[in-house]
Every structure is written in structure tokens, then in C-alpha cells.
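See structure below.
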Amino acid sequence: MLEGKTAIVTGGTRGIGYAIVETFVEQGANVALCGSRTETADAALAKLVESGVDAENVMAIAPDLTSPESLAASFAQVVERFGRLDILVNNAGISSRTPLADYSAEEFQSVMNLNLNGTFLASQAAVKIFREQGDGGCILNTSSMVSKYAQSSGCAYPVSKFAVNGLTLALARELAPENIRVNAVAPGITRTDMVDALPEEMIKPLIASIPLGRMGEPQDIANAFLFLASDMASYVSGQVLGVDGLARS
Ligand code: NAD
């Protein structure tokens, strides 16, 4: 489904991002996975190659997602290695559980910096390349079900994901005339380190409330990204696709 395409996946070292990388490579893409540090990105790359992925089709980069210069330099490396860029997946993200009264301005800002500003800046860097190539492109953002329902503490996290949805729709409108599609996937609770970090008493009732009766697997989410990245979704833009087992809150 992605033969001949090149993708960059931020937060590609583990969890949902790693599943997206595996799935995209399996479907014929060349993929650059991003980690927050060179060591974690290289370790994820080594794990992929060990699992049988051809080293020719993958590379690891570690841009600072809050720095336009760092993003431009890393994305240029990807174009140099694979010849072009077709798909950007803005998946890196951090969560937050802090109650309102305990938030510092810095903590609130740090969530927004990665989840929103990182998505904005990486999109800007990718669009510059798409424009030079002149034949369209695809941006996919990882939102969350908290962008519909919020959560009972840690307001920075849902606020950042509401904003990611807004950015998705705004950029979809702005970039459609250049055949650049912009969509988001909003996962429900998915089995990753992010969820493992939450207390059992919080997770259990949430899973019990999911009508499809189970937690999401990273592959469930990666499948939605695959569809939106592929030419099967060539007339889809500005959408936030919920993949959450019909979760309510
Ligand atoms: P995870 O913690 O397993 O992975 C997070 C990824 O983000 C890692 O690859 C990490 O390297 C990267 N990252 C974290 N801080 C970074 C930084 N400062 N700079 C660059 N990269 C950084 O989490 P996950 O569950 O796989 O989350 C991936 C995305 O899915 C996030 O955007 C998250 O908000 C979203 N999401 C997760 C769930 C869930 O239940 N797991 C639900 C909804 C949405």
C-alpha cells in the first residue's frame, strides 16, 4: 500500500509509533523513525533490523521537535538518503495527570511544546519539502480520545490534543489546493508504556467501559494510519479518525 513512498514517524521508538514504522515498512515504504535521543532511535532501528526488516529501508534520526533548525537538518538527511518525502506522522507525545492547582506554567508549557508546537513545526518542515517536490504530500497526527472527552486531571494533555485536532483541520484546508492531505487518528486506551505508567485503579474501570470489550493494541492504531497514509484515502482530508473501541470517556 505504500510502495515507493518515504515516511518520517516521530516518536517511532516504541508503542504506537513503533507499530506505525513496522507497518509502513511492511507495506513497502522507506521509513525514518525519530527518537528523542540518538541512542533510543538507534536502539529502535537495531530492533527493527533484528526482527527482519531490511536495513536499506529504515533509518534513525533524533531531531529536537521544538527546533525548526534541527527539524530542517534531520528531514534533509532523510531526503538525501531516500530521495524524497511523502508522509509525515506527528506521533511523539507526552501525557500529564497533574491536577489544576498543582500545575506550574513550565509543566503546562512542556506538554504543549511537544504535543502541539512539535506537530506544528514538523509539519512546517515537511511542507517545505512537499512544495519543493511539487506533487502533494500527507501529514498524519496522533490525537487522542481525550480530544473528545477530556480527562479528570492533567488538563494540558487534552488541551494539546484538542489543539492538534484544530491544527489538523486548519492545515487540511490551507494545504488542500497543493494536494497535501492532513488527517489525525484519535486512539483510545492503547497498550503502550504511556498506559503502563498509569495506576491500575484508573485503567481497569476505563477498559471495563469500552463497548468493544478490550484495550487497543498498537497495531489497531497503526492500521488506521496505514489507511490514511495510503492512496485509498486520497480523497480524505481534515478528519480525526477515532480508533477507540467506541470509548465514551
Ligand atoms: P509512548 O510513551 O510509548 O511513546 C511516546 C513516543 O514519543 C516515544 O517514541 C518517545 O520517544 C517520543 N517522545 C516522548 N518525548 C519526546 C520528546 N521530548 N521529543 C521527541 N520524542 C519524544 O507512548 P504511546 O502511547 O505510543 O504514544 C504515542 C502517541 O499516542 C502520543 O502522541 C500519545 O499522546 C498518543 N496516544 C496514546 C494513547 C495510549 O493509550 N497509549 C491514547 C491516545 C493517544
Worksheet item: Taking region 112-146 as the search range and keeping residues that are surrounded by fewer than 21 Cβ atoms within 10 Å (Cβ to Cβ) and under 18 Å from ALA233 (Cα atoms), which one is farthest from the ligand (Cβ to nearest atom)?
Response: ASP135
Discussion item. Need pairs with beta-carbon distance below 6 Å; first residue in contact (Cβ under 8 Å) with a residue 12 or more places away in the chain and within region 154-170, second surrounded by fewer than 20 Cβ atoms within 10 Å (Cβ to Cβ) and in a helix (DSSP H, G or I); sequence gap 6+ or separate chains.
Written reply: ALA156/PHE108; SER160/MET112
Discussion item. Which numbered condition in (1) assigned to a strand (DSSP E or B); (2) over 18 Å from PRO218 (Cβ atoms) is the only one that SER96 fails?
Written reply: (1)
Discussion item. Can you confirm whether GLY83 is surrounded by fewer than 16 Cβ atoms within 10 Å (Cβ to Cβ), touching a residue at least 12 places away in the same chain (Cβ under 8 Å) and away from the ligand (no atom under 16 Å from the Cβ)?
Written reply: yes
Item to complete: Being of a type in the set (D, E, K, R) and in contact with a helix residue (DSSP H, G or I) (Cβ under 9 Å, 6 or more places away or on another chain) is the filter; apply it to region 1-25 and report the residue that is nearest to the ligand (Cβ to nearest atom).
Response: ARG14
Worksheet item: Within region 176-227, can you find the residues that are under 20 Å from the mean Cα position of the chain (by Cα) and on the phi > 0 side of the Ramachandran plot?
Response: none
Response to the item:
Flagged pairs (Cβ under 6 angstrom, 6 or more apart or on separate chains; first in region 26-40, in contact (Cβ under 8 Å) with a residue 12 or more places away in the chain; second in a loop (DSSP other than H, G, I, E, B) and among the hydroxyl-bearing types (Ser, Thr, Tyr)) are CYS34/THR10; GLY35/THR13; THR40/THR13
Response to the item:
Among residues of region 228-249 being within 14 Å of the chain's Cα centre (by Cα) and more than 13 Å from the ligand (Cβ to nearest atom), the residue surrounded by the most Cβ atoms within 10 Å (Cβ to Cβ) is ALA229
Response to the item:
The correct count of residues that are within 18 Å of LYS5 (Cβ to Cβ), under 17 Å from the mean Cα position of the chain (by Cα) and part of a helix (DSSP H, G or I) in region 71-93 is 1
Practice prompt. Collect the residues in region 44-80 that are in contact with a Ser or Thr (Cβ under 6 Å, 6 or more places away or on another chain), buried (at least 18 other Cβ atoms within 10 Å of the Cβ) and not aliphatic (A, V, I, L, M), keeping them in residue-number order.
Written response: PRO63
Worksheet entry | Test result for PRO158, at pLDDT below 95, over 24 Å from ARG37 (Cβ atoms) and within 15 Å of the ligand (Cβ to nearest atom) | no
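The values are calculated or read from the model by the stated rules, or taken from the named source; none is laboratory data. Treat the numbers as computed from the prediction; the structure is a model and nothing was measured. We place every Cβ from the backbone using ideal geometry, glycine too, and count neighbours over all the protein chains shown.
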